[in-house]
């Protein structure tokens, strides 16, 4: 027993030293950023901007690995189980860290216990868009048009239990609408479905649907955030269109598996804050419809805890069930 206790004591003593040595040589090889959604969606668009800049700052390539499915929970679970060495990071989102815990009863990770926070990188509104064939231009017209034809129209989402699913359900509850949910595997495929006329409605994340709206392939009706988006200043909010208090937005943040050495986390946070604080990088995010925004690790974790409670209530009220 004495020998075992000595081994444990030595391990505890030398752990901080080994962590410092690991941080001094970090990074010594390429890293990967797991994007828990398919290419072409909002998380992928923002993630690739951040990953490229992180590679430049770290002096080692940061490759993007798309692992979509189940509202982002598949790729996120893979990150939670990855080696905590700083070479696997993820762009966590509202979907993966606050919606999924309530939407998926058999979720394979804990959004707090299994992750270490680095920083927020952006917040983006959800944008309500419709196929151009729908003769509506405002939220008031949209609600009246859909209400007069209950069950006739379909709406796309990035997947059952995704934040795009929840955002539309929030609007359905607020306006008393009956439209049918058609889940797709990511924001990109969902936007493509609306353009093709397979479905008529999408409450999608801004970076994914902004090019479609600006190109006239879909019609933008309203943004979900309390204030208008600089990317579409003439498009009103849902809140100012008759539904005060309505708020549907997506945050994106860099996180790692829990247990990454503190010096490595500190290095990652330093680089992320520098990247997002750069005016050119912030402008690139803004052009994509995302507002550059940073946080402390503590602020990010607090936001996740609050968000889990908020969306659990929405999911219960909307009676959303995901296997």
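Values as computed for the structure displayed
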| read-out | value |
| --- | --- |
| Answer from 312, 213, 284, 208 - the residue that is in the same structural domain as residue 157 (by TED's automatic domain parsing), outside any loop (DSSP other than H, G, I, E, B) and in contact with a helix residue (DSSP H, G or I) (Cβ under 6 Å, 6 or more places away or on another chain) | 208 |
| Lone unmet requirement of (1) in contact with a helix residue (DSSP H, G or I) (Cβ under 6 Å, 6 or more places away or on another chain); (2) assigned by TED's automatic domain parsing to the domain that holds residue 237; (3) outside any helix (DSSP H, G or I) for residue 109 | (2) |
| Test: residue in the range 59-78 that is touching a residue at least 60 places away in the same chain (Cβ under 8 Å), surrounded by 16 or more Cβ atoms within 10 Å (Cβ to Cβ) and over 18 Å from residue 42 (Cα atoms) | no |
| Residue ranges of helices (runs of 4 or more DSSP H) in the range 1-106 with at least 2 members at pLDDT 95 or above and not assigned by TED's automatic domain parsing to the domain that holds residue 162 | 42-58, 73-80 |
| Where residue 185 falls short, out of the listed (1) out of contact with any strand residue (DSSP E or B) (no Cβ under 9 Å at 6 or more places or on another chain); (2) in a helix (DSSP H, G or I); (3) modelled with pLDDT under 95 | (2) |
| Members of the range 126-175 that are part of a loop (DSSP other than H, G, I, E, B) and surrounded by 23 or more Cβ atoms within 10 Å (Cβ to Cβ) | 158, 159, 161, 162 |
| Residue match in the range 298-318 (condition: touching a strand residue (DSSP E or B) at 6+ places or on another chain (Cβ under 8 Å), buried (at least 19 other Cβ atoms within 10 Å of the Cβ) and more than 19 Å from residue 72 (Cβ to Cβ)) | no |
| Yes/no for residue 254 being crowded, with 21+ Cβ neighbours inside 10 Å and not assigned by TED's automatic domain parsing to the domain that holds residue 97 | no |
| Check on residue 178, outside the structural domain of residue 286 (by TED's automatic domain parsing) and part of a loop (DSSP other than H, G, I, E, B) | yes |
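The values are calculated or read from the model by the stated rules, or taken from the named source; none is laboratory data. Since this is a predicted model, take the numbers as computed values, not measurements. Neighbour counts run over all protein chains shown; Cβ positions are idealised from the backbone, glycine included.
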